[in-house]
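These notes are about the structure you will find just below.
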Amino acid sequence: MGQSIWPCGELTPGDCGPLLDLGCGTGLELDRIFARWPELAVTGVDLCAAMLEKLRAKHAGRRLELRCADYLAMDLGAEQYGAVVSVESLHHFTPEQKLELYKKIHAALRPGGFFLEADYIACCEEEETLLRAESARRRARANIPADVFIHFDTPLTLEHELALLRAAGFSCCEAVDSIAGATFLRGRK
């Protein structure tokens, strides 16, 4: 099993609940969060039921609601979370998909809430363009429609990620840390 890259402390303050974790998997980041704030209410969303079952068993007794769903398609609600987090899950999506998701995340946050994303960032526009073209080439070769998920990394540049967050309505958008190849981005509602 992997280790969490999640830096507890100031990136996830204890009064941020309830918290929504998109792409939670087996909860590596939640291990660190629950260790510090064991009473925090968390909703975790992931496509893999087996991973969610591991998370449920690992954190039995916690205030944890798990949903096996596609967070791009599901309703995240309105103003019900103090924080939304996503760790190494969003680098597979197009800018258009991300913008729509960021808008839903913004709507799901309470005023003053924050979104924290830890993910891979393309080093430059050339890398971003190359990866998107390769993804399109592979889809075309295998006749995979654009609306079908494939596990292929297409990260955006830091500039493009921050621009999407701002376009979705977030303020104070910034890169706050970089650990083990993942950049931590934070935006506030």
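The table below lists the values:
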item	result
Residue within the stretch 116-138 that is under 19 Å from the mean Cα position of the chain (by Cα), more than 19 Å from A175 (Cα to Cα), in a loop (DSSP other than H, G, I, E, B) and in contact (Cβ under 8 Å) with a residue 40 or more places away in the chain present	no
Some residue of the stretch 101-114 being on the phi > 0 side of the Ramachandran plot and either aliphatic (A, V, I, L, M) or open to solvent by 80 Å² or more (accessible area, probe 1.4 Å) (or both)	no
Residue selected from the stretch 142-167 under the condition of a type in the set (G, A, S) and modelled with pLDDT of 95 or more, by the criterion nearest to L185 (Cα to Cα)	A163
Any hit, the stretch 88-101, residues being within 13 Å of G187 (Cα to Cα), at pLDDT 95 or above and part of a helix (DSSP H, G or I)	no
Members of the stretch 75-98 that are open to solvent by 10 Å² or more (accessible area, probe 1.4 Å), among the hydrophobic types (A, V, I, L, M, F, W, C) and under 25 Å from I121 (Cα atoms)	V87, F93
Single match in A78, A73 (criterion: more than 13 Å from the chain's Cα centre (by Cα), in contact (Cβ under 8 Å) with a residue 12 or more places away in the chain and within 28 Å of L164 (Cα to Cα))	A78
In the stretch 162-184, the residues that are open to solvent by less than 70 Å² (accessible area, probe 1.4 Å), part of a helix (DSSP H, G or I) and free of Cβ contacts under 8 Å to residues at least 60 places away in the same chain	L162, A163
So V176, is it among the β-branched types (V, I, T) and at pLDDT below 90	no
Breaking point among (1) farther than 17 Å from G23 by Cβ; (2) acidic (D, E); (3) open to solvent by 40 Å² or more (accessible area, probe 1.4 Å), for E128	(3)
Options G25, G61; residue that is open to solvent by less than 10 Å² (accessible area, probe 1.4 Å), small (G, A, S), over 20 Å from R188 (Cα atoms) and at pLDDT 85 or above	G25
Single residue of the stretch 16-42 satisfying the filter (among the charged types (D, E, K, R) and touching a Lys or Arg at 6+ places or on another chain (Cβ under 9 Å)) that is farthest from A107 (Cα to Cα)	D31
Odd one out for A146, checked against (1) open to solvent by less than 50 Å² (accessible area, probe 1.4 Å); (2) small (G, A, S); (3) out of contact with any helix residue (DSSP H, G or I) (no Cβ under 6 Å at 6 or more places or on another chain); (4) assigned to a loop (DSSP other than H, G, I, E, B)	(1)
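The values are calculated or read from the model by the stated rules, or taken from the named source; none is laboratory data. This is a predicted model, so every value here is computed, not measured. Virtual Cβ from ideal backbone geometry, glycine too; neighbours counted across all protein chains shown. Heavy atoms of the whole protein, side chains included, go into the accessibility calculation; ligands, DNA and RNA do not. Shrake-Rupley method; radii C 1.70, N 1.55, O 1.52, S 1.80 Å.
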